[in-house]
């Protein structure tokens, strides 16, 4: 029996000052003044279009992603949250995250975001080495990154994530370790620490930069940095996520536990479990902001809308759940896919025989080897 899981809301704010050469997200360089008011109105129309899929359900987290959401002034974020919370029930203490570029941080904005209801900030720092930042095409330097985090803390934010990348062009192990030391000095609640990858359809993929550490060097950096994060009191709870006790990202946990989410805004994706129909539906929006805004609130704003075939559900579930060190309960697999656990019995047995998973009667947990070979483990569940 498919049982609707917790629900989140993802809000895509697609503009940025400059497109980074490694970025494959749906982001668009700012050209002149941005239409903040018009975009918020389009977001609300988009939300209303999806409300029939989520009547009566409670939203447990909200995430403003991009692009660079911190380009939006606090009053636009406040306007959206007021209108959204009038249409959806927000849980008490609902986690509300705003992604922030240190190069767009302005004095006074953080006070406004906090007053609007944002209670978690995610800073795209990427590195504290100015040479690395220049090679990554970032618009900020290390001084601005540290200043922005301290401004947010002075405004009252205590739930702060720092995004850091490693295996950067020209970076060695000592440089990656120095990045973490400077991050620790800022006392964040959460660190996202992930390897630079050359994604298709990016400038770096077309013209790879020199000086990227090879696979062995990147692995050495990863192992050393994991030890540093553990020694500093951060729990490694997901492939690239580390948190102080009790400070895991609730929004991302909901993704990884195969929860539901409404996705609104240009290019946003959503996933909703429909209990009556016993199906999982995926829905996504047109990517270009102008095209999406012109038709937001209707079916023409959709880039696609489909029910996930039952044969695909085991793979989609594992693609998320096996990212977590905690693994998953077999009862949760049944509730969130509507499939019996016997559906995946043969694949689980294969993974156990390879030393990739530990399985008892009720829970599946990836081993250290399984975490290292995550793509191979997940591929076992392809239809």
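So if the hydrodynamic radius of region 235-315 is defined as the Kirkwood radius over C-alpha pairs, what does Stokes-Einstein give as its diffusion coefficient at 20 °C and 1.002 mPa s, in µm² per second? Reported coefficient: 146 µm²/s. Each of residue 87 and residue 341 was given a label point 7 Å from its Cα along the Cα-to-Cβ line. The distance between the two points is 4.0 nm.
Here the Kirkwood formula, the inverse mean of 1/r across different C-alpha pairs, assigns region 233-383 a hydrodynamic radius of 16.9 Å. Stokes-Einstein diffusion for the chain at 25 °C, viscosity 0.890 mPa s, with a Kirkwood radius from C-alpha pairs, works out to 112 µm²/s. Length available on full extension from residue 177 to residue 359: 0.36 nm per residue minus the Cα-Cα distance, which gives 62.0 nm.
Could you calculate the contour length gain from residue 31 to residue 106, that is, 0.36 nm times the residue separation minus the distance between their Cα atoms, to one decimal place in nm? Intermediate results must be reported in sequence, preceding the final value.
Details: separation 75, 0.36 × 75 = 27.00 nm, distance 1.98 nm.
Length gained between residue 31 and residue 106: 25.0 nm.
Beta bridges assigned by DSSP with both partners in the chain are antiparallel in approximately 40 percent of cases.
Mind ranking 287-293, 65-71, 348-354 by how tightly packed they are, going by the mean number of other C-beta atoms within 10 angstrom, highest first? Kindly include the intermediate steps, with their values, before the conclusion.
On the way: 287-293: 18.0, 65-71: 24.4, 348-354: 15.7.
Put in order of decreasing packing, that is 65-71, 287-293, 348-354.
If a spin label sat at a point 7 angstrom from the Cα of residue 312 along the line to its beta carbon, the backbone N atoms of region 263-279 nearer than 17 Å would be those of 263, 268-274, 278-279.
With each label modelled as a point 7 angstrom along the Cα→C-beta vector, the residue 185-residue 276 pair spans 5.8 nm. Using the Cβ-Cβ distance between residue 231 and residue 201 with R0 = 45 Å, the FRET efficiency computed as 1/(1 + (r/R0)^6) comes to roughly 0.75.
Taking 19 Å as the cut-off, no amide N atom of region 272-291 comes nearer than this to a point 7 Å along the Cα-to-beta-carbon line of residue 331.
Working note: Cα atoms of region 13-148, range along each principal axis, descending, whole Å: 50, 28, 23. Name the shape class, rounded, prolate or oblate, that the alpha-carbon gyration tensor gives for region 1-59, where a ≥ b ≥ c are the square roots of its eigenvalues, rounded holds for a/c under 1.5, and otherwise prolate holds if a/b is larger than b/c and oblate otherwise. It comes out oblate by the Cα gyration axes.
Per-residue extension of 0.36 nm, minus the Cα-Cα distance of residue 352 and residue 150, leaves a gain of 68.1 nm for this segment. Placing dummy labels 7 Å off each Cα toward the beta-carbon, the span from residue 1 to residue 18 is 5.7 nm.
Coordinate-derived values only; no laboratory data. Here the structure is a predicted model, which is why all the values come from computation and not from measurement. With ideal geometry, Cβ positions are generated from the backbone for all residues, glycine too; neighbour counts draw on all protein chains shown.
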